[in-house]
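Every read-out reported here was derived from the displayed coordinates using simple, explicitly stated rules and does not represent laboratory data. These numbers come from a predicted model, not from an experiment. Note that we place each Cβ from the backbone using ideal geometry, even for glycine, and neighbour counts take in every protein chain shown.
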There are 2 protein chains.
Amino acid sequence: MEDLNALFASRVVGAQSSIVRELLAFSKMPHIISLAGGIPAADMFDLEGIEAATLEAMKMGVSAYQYSVTDGEPELRERVTHLIAERGIESDKDQVVITSGSQQGLDLVARTFIDAGDVVLVEQPTYLAAIQVFRMAGAEIASIKGSTDGLDLDDLEAQVKALKAQNKRIKALYIVPTFANPTGSTMSEANRVRLLSLAVEYNFVILEDDPYGEIRFEGDRVPSIYGLAKRTATGEDHAVYLSSFSKILVPGLRLGFIVANKAIREKIVLVKQSVDLHTPVLPQLIVEKYLASGHLKDRIPAISYTYGQRCASLMKALDEYVGEDLEYQKPVGGMFLWARLKNGMSATKLLNYGKDAGVVFVPGAAFYAEGADDSTLRLSFATVNPEGTVEAAKRLAVAIQKYKESN
Amino acid sequence: MEDLNALFASRVVGAQSSIVRELLAFSKMPHIISLAGGIPAADMFDLEGIEAATLEAMKMGVSAYQYSVTDGEPELRERVTHLIAERGIESDKDQVVITSGSQQGLDLVARTFIDAGDVVLVEQPTYLAAIQVFRMAGAEIASIKGSTDGLDLDDLEAQVKALKAQNKRIKALYIVPTFANPTGSTMSEANRVRLLSLAVEYNFVILEDDPYGEIRFEGDRVPSIYGLAKRTATGEDHAVYLSSFSKILVPGLRLGFIVANKAIREKIVLVKQSVDLHTPVLPQLIVEKYLASGHLKDRIPAISYTYGQRCASLMKALDEYVGEDLEYQKPVGGMFLWARLKNGMSATKLLNYGKDAGVVFVPGAAFYAEGADDSTLRLSFATVNPEGTVEAAKRLAVAIQKYKESN
């Protein structure tokens, strides 16, 4: 083992499995209500539609099973351009790369832009698997203050200036600007425009991750940063768009996509060639046939409505059963409710009482690259029906009571 | 663009697409006979069996489409242990990681073991996508002389000593020990045993890539290096086994696997979690159901027989139509014939005449990390039927004739 440890790369020596992955085990225990998942609701999967698409895809015969092109099936890339046109992004299929989920999209952009020691800016708190990816690539993470408007741009500019003064190479800002994970926050259009001008001025690329943007409960769509960038002269060099079918269709097919200008895309495709040659063909054809069926247009409102109901129900139950011990930030879309325990309570400690009471969540500390606020927690409502949210809130109240009694 | 180029990681700045991927385009042109592919023969795909397995897999319902575990579906990992037991490797399913093709397997092990500046030893020549992967990970490549017995172990030991004397960190040796790509060579059991003892003595890990081992035309199986390693006290710390369903079933589902001891596997799974969370579920279930059907037992002899016929036919046609201008190394399995042009001819130059004559191949220079021998070329016979091999040899003869006339 001595010898073996000397052989591992430094990136894996101290690496640990994500707490979200670890808590996944609890979601399979029947006596536990899990608010810990980042997973979409299986009861919203359109199995019938996907099975019909699978039968269509199988008709493609040999071409569904032979090696194929690295950037993805052309017909699917074409469909992606139509899908994102509805999100206000004009593109052509030669700007699209199909990825094995948006997690792979993150890994590909990290390896396209990051050398060891480069700085990646992230919102604090942010998606923890993104932090993992950037760390694996050797990046230094600089955490920018969050705000209810998504990101504190004054803090961003101040930190960028300070980092530049230290001769740090700032390569990228990672952000989920719409219905962020974990906070649920959405950045205003005005701030998106200002962020883009900062990216141009200080020469970094905005990695815009948009897995949840379609799942809106109320209000109007805010334009995508990449969509805004395309309308400026040099902006498109400074923004890359990542998205996924995981939250609007199903996650198990592992299908996501990156959209970028052609110079950036060319490099991403080179990395992908080395990483896995290409994403499996059959899942690509299944999604392409599903998109061709037109069913997604009905599904997105259905998912948004259901998740909105579940979110409202959870908030109401928290108000009723947990009350003053916890405050939360009301989201207008996505899958997550970001909450904070009062009176100095620790969410990490509360989780142990929660497990005993039959409810789990993710302590918010997991989403901080540095300076974790352990009073925070992320509650996912996507997979819990209204009766479940009431029971979850009751159990949370029990857990908090037990926690207080023991301290 | 100035600004943008400053943002790219150094690994992509000079990177180029693989010539094998570029030549793939020629395989789709009806007037070209391609000996350039690394692709298996589509006429050997068991479409009927795969479609039946797909229908079975679809019966799994929601679990075929939800997020799943990073290391792969347990039932498929169990099946893999049975598959490799027939190759002489005893294992349990918790030593197996399912990968998105064996290309991803290579990327995962590279990132598990390689820090920038670490040395990876490779046979010269070797699989060029492996060289790409190790370069992307920042490795220095040291090329070890090849031999008809796979690898010149005296050269290996001499180079290892010289590199250690320079304080280089030697992390891994990459090798395709059975029916190598591109040379078709197979390493003897005695040399495998000696290689393993060198790995233990000098503390590096052998990355044993075995995509073609089942496709044997004649002679007896040689034990896998990993299988041999498992029978020694410390050997299993020094060998990792990679394989794939691409050559024995179909490549488009992108399914491969890694087998390693548990300490190494744990690190590989951590990397995979960051890379793509998990391999798509449906393709895993399809392969699992296919393996359950027992059909693979019939397919492997059928593929081996057909490829053996195609290889024999190509060799005979080369003898008859090309004759003295080219010599080749007779393989006893796999997909490739390794050849050498005589009289100082360049395979890179010949390729241009080949394109005009309607035949393409891969110039051998692509498979050298350094010191390329441009007289060499790789001829893939897998996808070309006997009439095609005759026509290909005739066209090669025409190309050689034209080349000679112009020089």
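A few comments on the model shown:
- For the range A:199-253, applying the loop criterion from DSSP together with a ceiling of 16 other beta carbons within 10 Å to the trypsin sites (Lys or Arg not before Pro) yields A:R221, A:R231.
- Listed residues B:G334, B:G371, B:G117, most fluctuating in chain B (Gaussian network, C-alpha, under 10 Å): B:G371
- Residues whose placed amide H lies under 5 Å from that of B:I170, excluding near-sequence neighbours: B:V119
- For A:K297, the point set 7 Å out from Cα toward Cβ sits 5.2 nm from its twins in the other copies, listed from shortest up.
- Around the amide H of B:T376, modelled in the peptide plane, lie the amide H atoms of B:L341, B:A347, B:G364, B:A365, all under 5 Å away and 5 or more residues distant in sequence or on another chain.
- Three-way shape label, the range B:124-179, alpha-carbon gyration tensor, a/c 1.5: oblate
- Derived scalar couplings ³J(HN,Hα) [the range B:227-243; Karplus, 6.51 cos²θ - 1.76 cosθ + 1.60; whole Hz; x for Gly, Pro]: x, 5, 4, 5, 8, 10, 5, 10, x, 5, 6, 10, 8, 10, 10, 10, 8
- Averaged over peptide A:276-289, the number of partner chain Cβ atoms lying within 10 Å of each residue's Cβ comes to 6.
- Here chain A is scanned for GluC sites (Glu not before Pro) in DSSP loops (not H, G, I, E, B) that have at most 15 other Cβ atoms within 10 Å, and the longest stretch holding none of them is A:219-369.
- The phi-based Karplus calculation (6.51 cos²θ - 1.76 cosθ + 1.60; θ = phi - 60°) puts the 3J(HN,Hα) values of the range B:3-14 at 4, 5, 4, 5, 8, 5, 5, 4, 5, 9, 4, x Hz, whole numbers, x for Gly and Pro.
- In order along the range A:362-370, the phi-based Karplus estimate (6.51 cos²θ - 1.76 cosθ + 1.60, θ = phi - 60°) of 3J(HN,Hα) comes to 9, x, x, 3, 4, 9, 9, 6, 7 Hz; Gly and Pro are listed as x.
- Positive-end residue, the range A:271-407 charge dipole about Cα centroid, Cβ charges, pick of A:V275, A:V384, A:A312: A:V275
- Cα shape, the range A:69-228, gyration tensor, a/c 1.5 rule: oblate
- Pairwise centroid distance, computed over Cα atoms, of the range A:1-34 with the range B:250-270, Å: 16
- Distances, shortest first, from the label point of A:E201 to those at the same position in the other copies read 6.3 nm; the point lies 7 Å along Cα to C-beta.
- Shape call, the protein assembly as shown: gyration tensor on alpha carbons, a/c limit 1.5: prolate
- Under-5 Å amide H pairs with A:A142, H placed in peptide plane, nonlocal only: A:V120, A:L121, A:V122
- Nearest-20 debye value, the protein assembly as shown charge dipole, Cβ charges on Lys, Arg, Asp, Glu: 300
- Mean-square fluctuations from a GNM of chain A, with a 10 angstrom spring cutoff on Cα atoms, peak among A:L106, A:L153, A:L35 at A:L153.
- DSSP beta bridge pairing in the protein assembly as shown, given as percent antiparallel to the nearest 5: 50
- Using a 7 Å projection from Cα along Cα-to-Cβ, the label point at A:K59 is separated from the same position in the remaining copies by 2.5 nm, smallest value first.
- Length-normalised contact order for chain B - Cα pairs under 8 Å, 6+ apart - percent: 23
- In a simple Cβ point-charge model (Lys, Arg +1; Asp, Glu -1; nothing else charged), the range A:48-293 has a dipole of about 460 debye relative to its Cα centre.
- Average partner coverage of B:16-23, which counts Cβ from other chains inside 10 Å: 2
- The range B:47-293: antiparallel DSSP beta bridges as a percent of all, rounded to 5: 30
- Size of electric dipole in the range A:1-78: Cβ of Lys, Arg +1 and of Asp, Glu -1, about Cα centre, debye, nearest 20: 320
- Average other protein chain Cβ within 10 Å of Cβ, residues B:251-258: 5
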